[in-house]
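Asker: This is the structure I have questions about; it appears just below.
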Amino acid sequence: MPTLPALLLALCAAAPAADTLWCVGESIKVAPGDAPVAANLAWDGAHHTVTLAAARNEYVAFQIIVHADATPLQAVTVVPSAFAGPGAGIPVADIDLFVEHYLTVTVSSRGDASHPFPGATAGEQPTQMVPFSATRFGAPFPVGAGRNQPVWVDLYVPEDAAPGRYTGSFTVTAGQQALGTISAALTVWPITLPAQTHFHSYLYTGPEQLRWGYHAGNDIDSDAFKAIEDRHFQMAHQHRLNFSICGGSGLEEVTARYLKYYTGTGFTQRVGKGVGQNVACISPEGDSEAAFKDSCRTIVTRWGASRLDAVLFGYIWDEPHSDQDFLASKQRCDWVREAVGAKLSTYIATPQWNRYAAGEVSIYSEPSIEDIPRIIARGDSVWAVNAGYCAGPYVDAPGFGGRSIVWMNWRMKTGGWQFWDCCYWVDTQNRKHRERSRWVMDMSYAQINADPAKYLTDLWNDPMNFDESRKQGYPVRDAIRINGDGLLYYPGHDIGIDGPIASFALKSLRRGAQDYEYLWLLARAGKQAQADMVVATVCPEAGHWSEDAEAWDRARLRLASLLLP
């Protein structure tokens, strides 16, 4: 029988000190010096309990904050239990843990010195989600004196989980020292999120960025490189997003090399098992009218033969500037319609949408907030980018930044979201010098290929991966300087992971994409008006959103309540 001192010791170990362990939800960023909180929407410090609720086929996440007092902590780790509940419960295998790696933002993201991004703040920002298994920055990990260290917890609720109450725990230790045990109570609603994703996204990258980030050489057909590609597809799919890697027109990529990710046979785990990506970009090519139209017909034929169920578009022109650009892009759109009609949508990124007549372009991106309703009203579609209508997916954005992108897409009735890159690891657009009237890269692709480490952004120390002030002689006051632009994945090569590392922004986008499924279910149930009223509580109008991180969680709970019997 245990002695009284032993029982008291066990009780002290199980009950964490209020200033040592605490929890927050998934839309809050915790800085290293933030004061511990006794209670919030997810956390009841008096009872050391985190409270969660989720649908089936959904990830629900929260953060465990480990705080060190004047004495640093060493060898800290977190051990989850299985969740007991109805039926088989939820196994430990469906719980994923990550150490949140901080980056220090010295210059907040901005369009130029006079136009800071809304909500962007300097200071240390939790950025990369490092798996516990990483040899660098993984677990066990230290916590410096007087600092917080967040641990991100992903809990996947299986599609076949029985509705009801589940309980589990998370035990936190520092070496041989027990810091405490956090109890977790999970309610699984009698709601199942669809296997299909209904939020449309297009996250582009080129194979060269993956080659450079993983020091993979030039052979993109090697089994090792294909395995790296696969891990990026899988990660995007688990976050209900579409990864698009393309070094050409996209025809061979979509209909051959990556076909399994569009049919769904390449996805065999958890969310979206057996369901393909819902967006594909295949752009027609050809210098002459005949060649261009032949390319359109080939795309449509190959697409039809593949029997894919996705939005298909061709990226016709990126940011036309001159009168000649606008005439040429309009002509290409005409050729698409003449060759294949509406079977291939046309996509142009420009804020100057009024240079085209209604119906001449299928999808626009980069219009101003004020112009989006005008474009939609005339019958054309808009895909949003990051033009101030939401908090953004950047390193120094609020914790709900990615989530706000998705909710604002619903609010503004846009057709989807495009991110110009998601693995922008070498700043090729800005490492340039001027030769007469042109900006010319300081290095060739061959030079980068030969020594990627020389040109890669120091991604584990420097958050600013897009910086126009890197251009020789470019005025700093006029420079676009962004922390985490075109960057949702980080290469795991330097921390012992042969695959991608998710960003905080990627997790936030997933939260938004899952919320979108609640909205879709409500619209299908004839409750769109009620859903729209909930959306308006956090997105009252385009370009305006709630700064209260927990307001977004409360809005999600209201959406769920509208679906419950």
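Computed from the coordinates by the stated procedures, all read-outs in this text should not be read as laboratory data. Owing to the predicted nature of the structure, the values given are computational and were not obtained by experimental measurement. When we count neighbours, we look across all protein chains shown, and the Cβ atoms used for this are built from the backbone with ideal geometry, even at glycine.
Asker: Working from Cα positions, state the angle (0 to 90°, nearest 10) between the long axis of helix 223-238 and the longest principal axis of the chain.
Answerer: 70 degrees
Asker: Another question, if that's okay. Give me the percent relative contact order of segment 16-192, please, defined on Cα pairs under 8 angstrom at least 6 residues apart.
Answerer: Reported relative contact order: 34 percent.
Asker: Going by a ≥ b ≥ c, the root eigenvalues of the Cα gyration tensor, does segment 197-294 fall in the rounded group (a/c under 1.5), the prolate group (a/b larger than b/c) or the oblate group?
Answerer: It comes out oblate by the Cα gyration axes.
Asker: Moving on to the next point. Give the angle, between 0 and 90 degrees and rounded to the nearest 10, that separates the Cα long axis of helix 4-14 from the longest principal axis of the Cα atoms of the chain.
Answerer: Helix 4-14 and the main axis of the chain meet at about 10 degrees.
Asker: Would you mind getting me the FRET efficiency between Arg558 and Arg257? Use the beta-carbon distance for r and R0 = 60 Å, nearest 0.05.
Answerer: 0.90
Asker: How far, in degrees from 0 to 90, does helix 504-524 lean away from the longest principal axis of the Cα atoms of the chain, to the nearest 10?
Answerer: Once rounded, the angle reads 80 degrees.
Asker: Which of the lysines could a cross-linker span from Lys273 if the Cα-Cα distance has to be under 17 Å and same-chain partners fewer than 8 positions apart are dropped?
Answerer: Leaving aside lysines fewer than 8 places away in the same chain, those within reach of Lys273 are Lys260.
Asker: How high is the relative contact order of the chain, in percent, with contacts defined as C-alpha pairs under 8 Å that are six or more residues apart?
Answerer: Reported relative contact order: 16 percent.
Asker: Please report the projected area of segment 128-222's Cα convex hull averaged over all directions, in nm².
Answerer: 11.2 nm²
Asker: Kirkwood hydrodynamic radius of segment 9-153 from all distinct Cα pairs, in Å?
Answerer: 17.0 Å
Asker: Report, in debye and to the nearest 20, how large the dipole of the chain comes out about its Cα centre when Lys and Arg carry +1 and Asp and Glu carry -1 on their Cβ.
Answerer: Rounded to the nearest 20 debye, it is 860 debye.
Asker: Oh, and also: Answer rounded, prolate or oblate for the chain, using the Cα gyration tensor with square roots of eigenvalues a ≥ b ≥ c: rounded when a/c is under 1.5, else prolate when a/b is larger than b/c, else oblate.
Answerer: prolate
Asker: Using a ≥ b ≥ c from the Cα gyration tensor of segment 432-483 (square roots of the eigenvalues), is it rounded, prolate or oblate, where a/c under 1.5 gives rounded and otherwise the larger of a/b and b/c decides, a/b for prolate?
Answerer: oblate
Asker: Taking a cut-off of 18 Å between Cα atoms, list the aspartates and glutamates near Lys413, but don't count ones fewer than 8 places away on the same chain.
Answerer: Excluding near neighbours in sequence, the set is Glu366, Glu370, Asp371, Asp380, Asp515, Glu517, Asp532, Glu541.
Asker: If the reach is capped at under 18 angstrom between alpha carbons, list the aspartates and glutamates near Lys471, excluding any in the same chain fewer than eight residues apart.
Answerer: Partners within reach: Asp112, Asp427, Glu435, Asp442, Asp458, Asp462, Asp485.
Asker: About the Cα centre, and with charges only on the beta carbon of Lys, Arg (+1) and Asp, Glu (-1), how big is the dipole of segment 432-483? Nearest 20 debye, please.
Answerer: 300 debye
Asker: Further, regarding this structure: Can you check what the net charge comes to around Val406, using other residues whose Cβ is under 11 Å from the Cβ of Val406 (Lys, Arg +1; Asp, Glu -1)?
Answerer: +3
Asker: So how much slack lies between Ala551 and Gln74, counting 0.36 nm per residue of separation and subtracting their Cα-Cα distance, in nm?
Answerer: So the chain would gain 168.2 nm between Ala551 and Gln74.
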